[in-house]
1. Given H placed on each backbone N at 1.01 Å, which residues far from Thr187 in sequence or on other chains put an amide H within less than 5 Å of it?
2. With a 1.4 Å probe and every protein chain kept in, tell me what percent of the accessible surface of the chain is carbon plus sulfur.
3. Working from Cα positions, state the angle (0 to 90°, nearest 10) between the long axis of helix 172-181 and the longest principal axis of the chain.
4. With just the Cα atoms of the chain, tell me how far they stretch along each of the three principal axes, in Å, largest first.
5. Given a Förster distance of 22 angstrom, what is the FRET efficiency for Tyr153 paired with Asp17, based on the Cβ-Cβ distance and rounded to 0.05?
6. Per 0.36 nm of contour for each residue apart, how much would the distance between Glu286 and Thr194 grow if the chain were fully extended, relative to their Cα-Cα spacing?
7. Evaluate E = 1/(1 + (r/R0)^6) for Asp31 and Glu242, where r is the Cβ-Cβ distance and R0 equals 51 Å; express this FRET efficiency to the nearest 0.05.
8. List the lysines whose alpha-carbon lies under 27 Å from that of Lys222, not counting same-chain residues fewer than 8 positions away?
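The values are calculated or read from the model by the stated rules, or taken from the named source; none is laboratory data. Since the model is a prediction, treat every value here as computed from it, not as a measurement. All Cβ positions, glycine included, derive from the backbone under ideal geometry; neighbour counts span all protein chains shown. The accessibility values were calculated without ligands, DNA or RNA, using every heavy atom of the protein model including side chains. Shrake-Rupley method; radii C 1.70, N 1.55, O 1.52, S 1.80 Å.
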Amino acid sequence: MNAQVLDGRAVAATILDRVRGEVADFVESFDRVPMLATVLVGDDPASHTYVRMKANRCAKVGMRSRQVRLGSDITTDTLVGHLRQLSADPEVDGILLQHPVPGHLDERAAFEAIDPAKDVDGVTRTSFATMSFGEGGFNSATPGGIMALLDAYDIPLAGKHAVVVGRSAILGRPVGMLLLGRDATVTYCHSRTTDLAEHVARADVLVAAVGRPGLIRGGWIKPGAVVVDAGYADNTGDVEYEAAALRASYLTPVPGGVGPMTIATLLAQTIRAAREHEAARRADPELTTTGSGRE
Ligand code: NAP
């Protein structure tokens, strides 16, 4: 078998085209430009690249972005203060705190300072709960992007055995919840899992979310499985690509698979947040906006 590529770049481009149209309609209707605020702590070069890419994509779809950069020596209280300020700022529609933050900071406390109505990266407990219960909150961006990619290729999930390797709060755990919500039978694997190879070999749908190049051997993949490789380290995924391509039916490339879908989901959720904020303002005229951002 030679796997069909799940082309995240192409699917993301289609989503971003749609978002561009939605942004233009929004500006026309409300006479202001939606805004995503990004918060970056420290000087990790990869995080700088990710934040720059997100700002570039905002510009391409006609959104504004505001970049807040903070030194690696700040305290959790200072970070929480910045996030609360952005949460209260009527010009800001969506907030992204670039993960991971330096180890001395309480990342969970920082995430919880984001107003769930602006949590377009889907990192708050509220978003996790509404997403898990299928109640319409914002999806965690990477998991939401993975689901959109699977849907773009009409991959059936109901009744399938999905194995998620990794259980982080931003990726492994929420993608398992989304798969469960689509009636897959879900197994989680993590660093304490014994017999990883045996679990992987039973997966109809495999999501790798670890960050260890080549951890998952191509020979472990069940013939015909759908393989989504979200891992990214040294420009390489978690799955041995060439060997997996001989067994899988569908496979994401790294790069060009999950990464572009994450940004597309983030921006799709930002324009949705902007529309919801305007609906809330119509319902309660006390909520006002300052500055349209229109040239
Ligand atoms: P993380 O917080 O470090 O979590 C890694 C997970 O992998 C943990 O749950 C860990 O288990 C598990 N793990 C570690 N070693 C393992 C092993 N030998 N066998 C099985 N599981 C193992 O990382 P993350 O933030 O979730 O990110 C994971 C990867 O996805 C990274 O490469 C990251 O760069 C990439 N990523 C990509 C995107 C994108 O848009 N493409 C977005 C986010 C992340 P424990 O819980 O037991 O420690």
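1. Distant-sequence amide H within range of Thr187: Ala162, Val163, Val164.
2. Numbers: 6770 of 13380 Å².
Carbon and sulfur together cover 51 percent of it.
3. It is inclined by approximately 80 degrees.
4. Result, largest extent first: 58, 41, 32 Å.
5. Numbers: r = 18 Å, r/R0 = 0.82.
My answer for the efficiency is 0.75.
6. Between Glu286 and Thr194, full extension yields an extra 27.5 nm.
7. Values: r = 53 Å, r/R0 = 1.03.
Approximately 0.45, to the nearest 0.05.
8. Lys160
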